Amino acid sequence: MLNIALPKGRLGEKVYGMFAEAGFECPALLEPGRKLIFDNEAAGVRYFWVKPSDVAIYVERGAADIGVAGKDILLEYRPEVYELLDLDIGKCRMAVAAPEGFRDHPERTLRVATKFSRIARDYYTSMGRDIDIIHLNGSIEIAPILGLSDVIVDIVETGTTLKENHLEVIETIVPISARLIANKSGFKFKTEAIERLTAALERGAKQA
Amino acid sequence: MLIEDQVMDAQEKIGFRLRSLYSGYGYSRYKMSKFEEYDLYSRNKDFLFSDSVITFTDTNGRLMALKPDVTLSIVKNGKDTPGKVRKLYYHENVYRVTGASDGFREQTQVGLECTGALDGSIISEVLKLAAESLKTCAEDFVLEISHLGILEAFVDAVATDPRVKKQILECAGEKNLHGISRICREIGLAEGAEAPLRQLLTLYGPPRTVMPKIRQLASENGVGDFAGELGQALTVFTGSENENKIRIDFSATGDLKYYNGIAFKGFISGIPGSVLSGGQYDALMRKMGRKDRAIGFAVFLDMLERLTEEE
């Protein structure tokens, strides 16, 4: 039996659609209710819904053999997992955004507000830039408006929220999408089942 | 006085069984101090699991550290033994940061280090002992083995910039083939330039089925000798009871500044991470001014805490 951690929410439902099309369905999963764990013994799968940012933890710690997590989470938390497939959905980008007309002053420490401290630090370290990270847990966009930071590092999907707050993308750090990840030990002992599922998902992703 | 089994926990039992195993193969116990001068670690930070080390100032003013690693101390405190092989085992605690936010933890390791005039038979013996060590912990195990010389040659074929090479090796360790292709496009390589590397990374499985393909691919890419070394080292398992537990897998990587040649990791069913890690580290020996060759591995006993006796 393969234990699969899916991210709760719209992305998770889309991901489940891909798994179902690949032949690993479990219709009860989409029924309304508070149940969190769903089995389909015939297909050899057990799904469970978890918070999107927790998927990598479930997989790294072996509670799930495989799961689907955003590349942003993988870059930020660096879990010890295999990254088997880019599912090419949930596409967006990690970007630096600033108030419209922003002028950088390289002689000053750049104040960066973000939920993704590690990604921001790695990015600016690679450029040799001295920064002051301001770690926030949400509503990042208001930080430069209120003078809390000079720029923000955040996920940008359509850019609408930025535009509405008079911010604009000044740099793209890395493209983001949903990735199929596997526990390293689980992969050794369930190789065939994981490979079969990965191959089916890959075929589905190519046809889409 | 005989110590009864029931007074020991699983970790202690396995620790003593491993010591007995290594001792039976002629390895002698290496006992070391809990402390080492911090300078040793500051010069070899990349070799450590994490940058963080617990430090303190000794009574004579020297900056000391609680050992985050055993191998560096053995290399530093040993001397070259031309024409001879030095076989040591240890059972020690190390102090390191294991996760992103876990803080420092004390971990118990049992392992062995073999330095000196190593030949193929010694490397095979160490691989055999790695498999036996895993078997001592549990019946259901996998020992995955790779050859860093082969992997490095395939990576060199697509990248020369050390930063890019490091990124590609990280992707190799994650079986992240799409990531490798993305990096290759970013550095301007033509579509398909990374095909041999991708092919190498998809060749994993038991030596009996995979080794012929590795030999062919390696020889087509000018590293047939390394494939020969790998094949030779693996013959120790041919016909043995552990043969079906061995996998060739080039996602078993290591930092090429320190490691070279054979690299391996051990897994036990039901335990989420690798419980054993090892390989050849001639490159570390050179970096520390030693001429000897070296190979070794460690078993992470704290990972085995939840193993029951039945397992």
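Values quoted throughout were computed directly from the atomic coordinates according to the rules given, and no laboratory measurement underlies them. This is a predicted model, so every value here is computed, not measured. Every residue, glycine as well, gets a Cβ built from its backbone with ideal geometry; the counts of neighbours run over all protein chains shown.
If you average the sequence gap of Cα pairs under 8 Å that are 6 or more apart and divide by the length of the range B:34-170, what percent do you get for the contact order? The value is 17 percent. Share of pairwise Cα-Cα distances greater than 28 Å in the range B:175-311 is 30 percent (whole percent). In the protein assembly as shown, the ratio of gyration radius to Kirkwood radius, Rg to Rh, stands at 0.98 when only Cα atoms are counted. Our analysis of chain A gives Rg over Rh at 1.05, with the two radii drawn from alpha carbon positions and Rh computed by the Kirkwood formula.
Mind checking the full-extension length gain between B:GLN232 and B:PHE49? Use 0.36 nm per residue of separation minus the Cα-Cα distance, one decimal, nm. List each step's numbers first, then the result.
Numbers: separation 183, 0.36 × 183 = 65.88 nm, distance 3.02 nm.
Full-extension gain reported as 62.9 nm.
Which FRET efficiency value, to the nearest 0.05, do you get for A:ASP88 and A:THR125 by plugging their Cβ-Cβ distance into 1/(1 + (r/R0)^6) with R0 = 22 Å? Mind dumping the intermediate values first?
Numbers: r = 29 Å, r/R0 = 1.33.
Step by step, r from the Cβ atoms, then E = 0.15.
Among B:HIS147, B:HIS91, the ranking by other beta carbons within 10 Å of each residue's beta carbon, starting with the fewest, stands as B:HIS91, B:HIS147.
For chain B, what relative contact order do you get, as a whole percent, if you take Cα pairs closer than 8 Å and at least 6 residues apart?
On the way: 516 pairs, mean separation 68.5, N = 311.
Dividing the mean separation by the residue count of chain B yields 22 percent.
The magnitude of the dipole of chain B, with charges of +1 and -1 set on the Cβ of Lys/Arg and Asp/Glu and taken from the Cα centre, is near 880 debye. What you get for the range B:216-311, charging only the Cβ of Lys and Arg (+1) and of Asp and Glu (-1), is a dipole of about 580 debye around the Cα centre.
In terms of Cα atoms, the Rg and Dmax of chain B work out to 19.9, 70 Å.
Determine Rg/Rh for the range A:63-167; Rg is computed over alpha-carbon atoms and Rh is the Kirkwood hydrodynamic estimate from the same atoms. Write out the running numbers ahead of the final one.
Working: Rg = 15.2 Å, Rh = 15.1 Å.
Rg divided by Rh gives 1.01.
Mind checking A:184-193 for the average number of partner chain beta-carbons within 10 Å of each residue's beta-carbon? Don't skip to the end; give the middle numbers.
On the way: counts 10, 14, 4, 7, 15, 7, 1, 5, 0, 0.
For this peptide, the per-residue mean of nearby foreign Cβ atoms is 6.
Can you tell me the convex hull volume per residue for the range A:149-208, based on C-alpha atoms, in Å³ to the nearest whole number?
Details: hull volume 7.9 nm³, N = 60.
Per-residue hull volume (Cα only) is 131 Å³.
Start at zero, step by 10 Å, and the Cα-Cα distances of the range A:1-86 spread as 18, 55, 25, 2 percent across the bins. Among A:PHE19, B:GLY261, A:HIS105, which residue has its Cα furthest toward the positive end of the charge dipole of the protein assembly as shown, with +1 on Lys/Arg Cβ and -1 on Asp/Glu Cβ? Toward the positive end, the furthest listed residue is B:GLY261.
Would you mind getting the Kirkwood hydrodynamic radius of the range B:154-216 from its Cα pairs, rounded to one decimal in Å? Mind showing how you got there, number by number?
Details: mean 1/r = 0.0820 Å⁻¹.
By the Kirkwood definition, the hydrodynamic radius is 12.2 Å.
Under 5 Å from the amide H of B:LEU118 lie the amide H atoms of B:ARG293, each residue being 5 or more positions distant or on a separate chain, with H modelled from the backbone and absent for Pro and chain starts. The per residue volume of the convex hull around the alpha-carbon atoms of the range B:250-311 is 100 Å³. Considering only beta bridges that DSSP places wholly inside the range A:97-208, some 35 percent are antiparallel.
When a footprinting reagent is the concern and you count Cβ atoms within 10 Å, what order do A:GLU31, A:GLU171 take, fewest first? Walk me through the numbers on the way to the answer.
Details: A:GLU31 8, A:GLU171 14.
The fewest-first ordering by Cβ neighbours comes to A:GLU31, A:GLU171.
Can you tell me the dipole magnitude for the protein assembly as shown around its Cα centre, using point charges on the Cβ only (Lys, Arg +1; Asp, Glu -1), in Debye to the nearest 20?
Values: 66 positive and 75 negative charges, 172 e Å.
That gives a dipole near 820 debye.
Of the residues A:ILE176, A:SER139, B:LEU148, the one whose Cα sits farthest toward the positive end of the charge dipole of the protein assembly as shown, with +1 on the Cβ of Lys and Arg and -1 on the Cβ of Asp and Glu, is B:LEU148.
For chain A, what relative contact order do you get, as a whole percent, if you take Cα pairs closer than 8 Å and at least 6 residues apart?
Details: 388 pairs, mean separation 59.2, N = 208.
This gives 28 percent for chain A.
Longer than 27 Å from Cα to Cα, which of B:LYS84/B:LYS245; A:LYS8/A:LYS206; B:LYS13/B:LYS87; B:LYS87/B:LYS287; B:LYS135/B:LYS165; B:LYS166/B:LYS245 are they? Say none if no pair is. Pairs exceeding 27 Å: B:LYS84/B:LYS245; B:LYS135/B:LYS165; B:LYS166/B:LYS245. From largest to smallest, the equivalent ellipsoid semi-axes obtained for the range B:121-236 from the alpha-carbon gyration tensor read 29, 16, 12 Å.
Annotation: the residues A:TYR124, A:TYR58, sorted from fewest to most other C-beta atoms within 10 Å of their own C-beta, follow the order A:TYR124, A:TYR58.
Counting only DSSP H runs of at least 4 residues, each contributing -39500 (n - 2.57), and dividing by the residue count of chain B, the helix-based mean residue ellipticity at 222 nm comes to -11000 deg cm²/dmol.
For the range A:109-160 versus the range A:65-100, the spacing of their alpha-carbon centroids is 17 Å. Treating each Cα of the range B:15-107 as one equal point scatterer and applying the Debye formula with no solvent, the log10 of I(q)/I(0) at q = 0.24 Å⁻¹ comes out as -1.23.
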